[in-house]
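In what follows, a structure is listed as structure tokens, so that the remarks can point back to it.
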Amino acid sequence: MIDRTVLKEHFVKWVLVAFALSSLLFLFLIFAFILGEGLPLFLKVGAKKIIFGMKWAPTKGYFGIFPMIISSFLVTLGALTIGAPLGLSCAIYLSEYSGKRMKMLLKPAIELLAGIPSVVFGFLGVIYIVPLVRNYLGGSGFSLISTSLVLGVMILPTIISISFDALVSVPKTYREASAAMGATKWQTIYKVIIPSAKSGILASFILGMGRAIGETMAVIMIAGNALKIPTSLLDPLRTLTGNIALELAYATGDHRLALFSTGVVLMIIIMALNYIANFGIKRKIAK
Amino acid sequence: MRTNPRIINTLVRWGLNAQAYFTVAILVVIIGIIFFKGFPQVNFGFILSFPQDMGRHGGIFPAIVGTIQLALLSILLATPLGVGTAIFLTEYTRESAFTKLIRFGVESLAGIPSILYGLFGFIFFVIKLRMGWSLLAGVLTLTIMILPTIIRTSEEAIRAVPRQLRIVSYSLSASKWETIKKVVLPAAMPGILTGIMLSIGRAVGETAAIIFTMGSSLRLPLSLMESGRTMAVHFYILAREGISMEKAYGTAVVLVLSILFINIIAYYIMNKTIARYS
Amino acid sequence: METKIATDRLRVSFGRETVLKDVTIKVQKNTITGFMGPSGSGKSTLISVVNRMIDFENNVRIEGDARIDGTSILDGSINPIELRRRVGTVFAVPIPLPRSIFENIAYGPKLKGTTDRTTLYSIAEDCLKKAFLWDEVKDRLGTSAMKLSGGQQQRLCLARTLALKPEIILLDEPCSGLDPISTAKIEDALSELKSEYTIILVSNNTKQIARISDFSAFFYLGELIEYDTTDKVFTAPAERQTEDYIQGKFG
């Protein structure tokens with residue numbers, strides 16, 4: 001009787017260890033297979049030709065993805081330009097100004113916004129934003145600015161919720177002390193609260209960037225499909241994610257390998273962003 | 001001349017207020033357009049009939065079924081794995097290099113964008129494991145995608161269970177696993193369920209990872225090895241190929257409504273069981 | 001008088017701090033033994049050795065021995081789970097499980113394999129009567145235990161412990177925070193229970209110990225200062241410290 005329960009407990013423990021290890025296993029598999037398919041071309045053709053190459057014609061031996069790298073960054077920056085101020089403002093409003101009713105309206109609204117699939121954003125972007133840009137600003141409408149607008153909205157929930165958490169965790173005493181010294185609410189916010197919440201807010205921006213740079217469906221529907229570096233806000237472009245998504249279905253041989261190489265570059269960029277957000281900033285908080 | 005700080009304060013308050021309302025307005029507009037344009041499309045015929053002429057006519061039944069199959073099977077696989085991992089991290093170990101390693105794994109998985117999951121699922125499940133574009137490949141890929149969310153929310157929920165409850169259970173001669181099964185998990189259930197609901201919501205809206213693993217066949221997947229569509233994939237193809245704007249809106253309505261419904265259930269579970277325990 | 005629980009130069013340390021210093025004590029069967037002393041004197045730690053709840057602490061070192069009925073309970077071959085069936089514990093803060101009154105009491109027996117509803121109900125009735133709670137809850141066994149008052153919850157915790165038919169009941173400051181009426185009910189229950197169980201009562205309330213215990217042990221800073229019949233300890237304490245503590249000069 002004693003042995004049976006002890007045995008059962010041990011069994012359960014080891015099953016759970018296996019479950020926990022599965023996450024590592026999956027991570028390993030993902031790394032292994034994406035690198036496995038993506039690295040060979042780097043070795044065969046040379047990393048420089050891929051990362052800095054300007055021409056993408058994979059069936060003819062040109063694997064340059066530099067324009068896509070730049071486009072990905074531009075689109076992310078654009079998204080941040082729209083999403084960061086608006087998102088931060090909403091977060092500040094939520095944490096410092098809004099009453100219970102507004103909170104009950106805003107919080108679910110943001111969660112809902114987060115739940116809307118990216119294909120829906122892409123779709124609405126094509127139907128409404130693209131013509132708007134085409135008619136009022138010029139170009140085909142499939143452009144950097146259209147993509148930035150839609151992506152900016154898409155990363156709002158990320159920025160708002162993480163910034164909100166950062167703002168709310170600023171101790172009440174800070175607010176009280178500032179008010180006691182005669183500061184207005186806004187003065188308190190921008191002199192005391194935002195600086196204290198700085199690292200969390202920055203983390204939200206970086207995580208927003210991570211989301212934007214990894215976004216695929218909305219981007220391929222709105223950004224157009226140009227293989228050149230965009231020189232103006234109205235130029236169409238193709239991002240790293242778009243590169244993969246648009247061609248994976250029918251790519252073969254080296255072409256397909258090149259798409260995995262694109263994936264490797266994307267993976268490295270996102271890992272770098274995540275690292276900065278999680279560790280660089282967490283360390284600051286720990287200080 | 002220094003502007004009166006009180007004026008700035010008021011201006012700022014109005015500005016922030018406006019931006020908050022603007023954000024809500026964006027949501028309202030999005031939902032509004034979808035519903036306004038899509039609702040006329042949706043009737044029982046739309047939901048229950050098969051698409052004809054590539055989706056130009058007919059309904060979206062196989063896409064709905066495909067979505068349900070994909071979501072349910074993924075949850076079925078991811079929940080034991082995820083909750084089990086969470087139980088292990090909270091109940092069976094103290095913070096150590098090992099747990100940090102596991103957490104690193106989980107956080108990394110969480111940070112991978114869906115297109116890379118699509119790439120992985122494609123090369124690993126579809127090609128190397130020879131599953132072809134299939135429901136199974138989609139399920140396995142999606143399971144890994146939603147695993148981090150389930151682990152995170154479950155861990156939070158389990159940690160929130162007061163330590164005293166465990167002590168009481170042990171003092172009543174329960175073993176560790178009996179305590180987990182009978183006291184900790186039931187108490188953590190609302191949090192765990194919320195995490196599951198959120199994951200379902202995410203699964204339903206996923207496209208990039210699904211289209212390269214499950215494929216996009218218009219047929220109803222009758223076995224794990226068959227390809228099929230989800231609503232999101234169907235919607236994407238309708239929109240991108242310009243097949244039918246009306247049907248696209250219709251699909252979008254069903255898609256967004258499903259997600260809304262799932263979110264509402266998640267909230268309901270969370271609030272109802274919080275009330276029960278307070 | 002038969003010895004039920006015995007410790008032999010028991011020494012417990014958490015890291016560098018020694019919380020129990022060479023405690024040797026023999027607790028007699030079917031008595032109420034009071035453990036008293038100021039905070040930090042090691043009384044709760046001693047209890048946690050008897051019910052092996054100390055297993056859940058980190059960084060513990062135990063030297064010496066502790067025995068129940070002559071058999072060591074610190075031995076590797078002892079199953080702590082089975083031990084905790086024989087040793088029931090009531091904690092300072094009442095912690096009902098978030099379920100019905102009935103389910104709280106049935107929790108223990110169900111773990112041990114009792115599934116028959118009728119048996120469980122009769123166990124519940126029996127234990128609730130012994131804990132002096134039956135009359136107050138007999139019509140609402142299915143309602144949530146969280147809705148009971150503090151005193152009722154604590155009696156429920158006592159009943160819950162009785163459901164496992166233990167031999168020993170340990171109570172760690174069970175009446176702290178309870179009103180005098182609930183306290184009295186629990187003390188009455190304990191006085192009746194000692195005929196079937198061996199009871200150790202840890203309390204900061206010396207008057208309570210004087211009221212209901214047969215033997216009293218005074219602990220101070222991890223050492224057992226004095227242990228004798230309650231009468232003797234309270235009327236003619238052998239140690240100066242004991243006398244000072246009882247008179248409230250410190251603690």
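Worth pointing out:
- Residues that are within 8 Å of another protein chain (Cβ to nearest Cβ), hydrophobic (A, V, I, L, M, F, W, C) and over 18 Å from B:LEU101 (Cα atoms), drawn from segment A:16-38: A:PHE33, A:ILE34
- Only residues that are within 15 Å of B:ASN271 (Cβ to Cβ) and within 13 Å of chain C (Cβ to nearest Cβ) were counted in segment B:171-198, giving 2.
- From the list C:ILE32, C:ILE68, C:ILE105, the one residue that fits, being closer than 27 Å to C:GLY177 by Cα and more than 14 Å from chain B (Cβ to nearest Cβ), is C:ILE32.
- Total residues in segment C:232-250, condition aliphatic (A, V, I, L, M) and crowded, with 18+ Cβ neighbours inside 10 Å: 2
- Within segment A:247-262, residues that are surrounded by fewer than 19 Cβ atoms within 10 Å (Cβ to Cβ) and part of a helix (DSSP H, G or I) have Cβ atoms under 9 Å from residues that are modelled with pLDDT of 90 or more and aromatic (Phe, Trp, Tyr) in these pairs: A:ALA249/B:PHE212, counting only partners at least 6 apart in sequence or on another chain.
- Residue count for segment B:126-145, restricted to those that are at pLDDT 95 or above and more than 18 Å from B:VAL233 (Cα to Cα): 1.
For (1) at pLDDT 90 or above; (2) out of contact with any Lys or Arg (no Cβ under 7 Å at 6 or more places or on another chain), each residue gets a yes or a no:
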position: B:ARG240; (1), (2): no, yes
position: B:ILE243; (1), (2): no, no
position: B:VAL253; (1), (2): yes, yes
position: B:VAL256; (1), (2): yes, yes
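- Residue match in segment B:216-233 (condition: surrounded by 24 or more Cβ atoms within 10 Å (Cβ to Cβ) and away from every other protein chain (no Cβ under 12 Å)): yes
Conditions tested, residue by residue: (1) within 20 Å of C:SER182 (Cβ to Cβ); (2) open to solvent by 30 Å² or more (accessible area, probe 1.4 Å).
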{"position": "C:VAL93", "(1), (2)": "yes, yes"}
{"position": "C:ASN104", "(1), (2)": "yes, no"}
{"position": "C:GLY113", "(1), (2)": "no, yes"}
{"position": "C:SER122", "(1), (2)": "no, yes"}
{"position": "C:LEU133", "(1), (2)": "yes, no"}
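- Test: residue in segment B:149-159 that is modelled with pLDDT of 90 or more, within 16 Å of B:LEU198 (Cα to Cα) and basic (Lys, Arg): yes
- In segment B:100-116, the residue that is farthest from the other protein chains (Cβ to nearest Cβ) out of those that are farther than 28 Å from A:VAL219 by Cα and either open to solvent by 30 Å² or more (accessible area, probe 1.4 Å) or modelled with pLDDT under 90 (or both) is B:LYS100.
- The residue list A:GLY61, A:GLY53, A:GLY46, A:GLY38 contains one member that is of a type outside the set (A, V, I, L, M, F, W, C), touching a Leu at 6+ places or on another chain (Cβ under 9 Å) and open to solvent by less than 50 Å² (accessible area, probe 1.4 Å), which is A:GLY38.
- When segment A:18-35 is filtered for residues that are crowded, with 17+ Cβ neighbours inside 10 Å and in contact with a Phe, Trp or Tyr (Cβ under 7 Å, 6 or more places away or on another chain), the ones remaining, listed by number, are A:PHE19, A:ALA20, A:ILE30, A:PHE33, A:ILE34.
- The C-beta contact set for segment C:36-50 (first residue open to solvent by less than 20 Å² (accessible area, probe 1.4 Å), second residue assigned to a loop (DSSP other than H, G, I, E, B) and of a type in the set (Ser, Thr, Tyr), distance under 8 angstrom, 6+ apart or interchain) comprises C:MET36/C:SER203.
- When C:LEU111, C:LEU128, C:LEU133 are checked against the criterion of being modelled with pLDDT of 90 or more, within 14 Å of chain B (Cβ to nearest Cβ) and under 25 Å from C:ILE199 (Cβ atoms), C:LEU111 stands alone in meeting it.
- Candidates A:ALA91, A:ALA109, A:ALA114, A:ALA84, filtered to the one that is open to solvent by 30 Å² or more (accessible area, probe 1.4 Å) and within 14 Å of another protein chain (Cβ to nearest Cβ): A:ALA114
- Hey, B:GLY191 assigned by TED's automatic domain parsing to the domain that holds B:ALA63, in contact (Cβ under 8 Å) with a residue 24 or more places away in the chain, of a type outside the set (A, V, I, L, M, F, W, C) and open to solvent by less than 10 Å² (accessible area, probe 1.4 Å) or not: no
- A count restricted to segment B:16-30 and to residues that are at the interface with chain A (Cβ under 8 Å from one of its Cβ atoms) and surrounded by 14 or more Cβ atoms within 10 Å (Cβ to Cβ) stands at 9.
- Hits in segment A:156-206 - residues which are more than 28 Å from the chain's Cα centre (by Cα) and touching a residue at least 40 places away in the same chain (Cβ under 8 Å): A:LYS185
- B:ILE31 meets all of the listed conditions (1) outside the structural domain of B:PRO148 (by TED's automatic domain parsing); (2) free of Cβ contacts under 8 Å to residues at least 24 places away in the same chain but one, namely (2).
- Subset of segment B:41-60 [within 16 Å of B:VAL253 (Cβ to Cβ), under 26 Å from the mean Cα position of the chain (by Cα) and either exposed (fewer than 13 other Cβ atoms within 10 Å of the Cβ) or of a type in the set (Phe, Trp, Tyr) (or both)]: B:ASN43, B:PHE44, B:PHE46, B:LEU48
- The numbered conditions (1) more than 10 Å from chain B (Cβ to nearest Cβ); (2) crowded, with 24+ Cβ neighbours inside 10 Å; (3) not hydroxyl-bearing (Ser, Thr, Tyr) are all true for A:PRO195 except (2).
The values are calculated or read from the model by the stated rules, or taken from the named source; none is laboratory data. Just so we're clear, the structure is a prediction, and the values are computed from it rather than from any experiment. FYI the Cβ positions are ideal-geometry reconstructions off the backbone, even for glycines, and counts take in every protein chain you see. We work out accessible area using only protein heavy atoms, side chains counted, and drop any ligands, DNA or RNA first. Shrake-Rupley method; radii C 1.70, N 1.55, O 1.52, S 1.80 Å.
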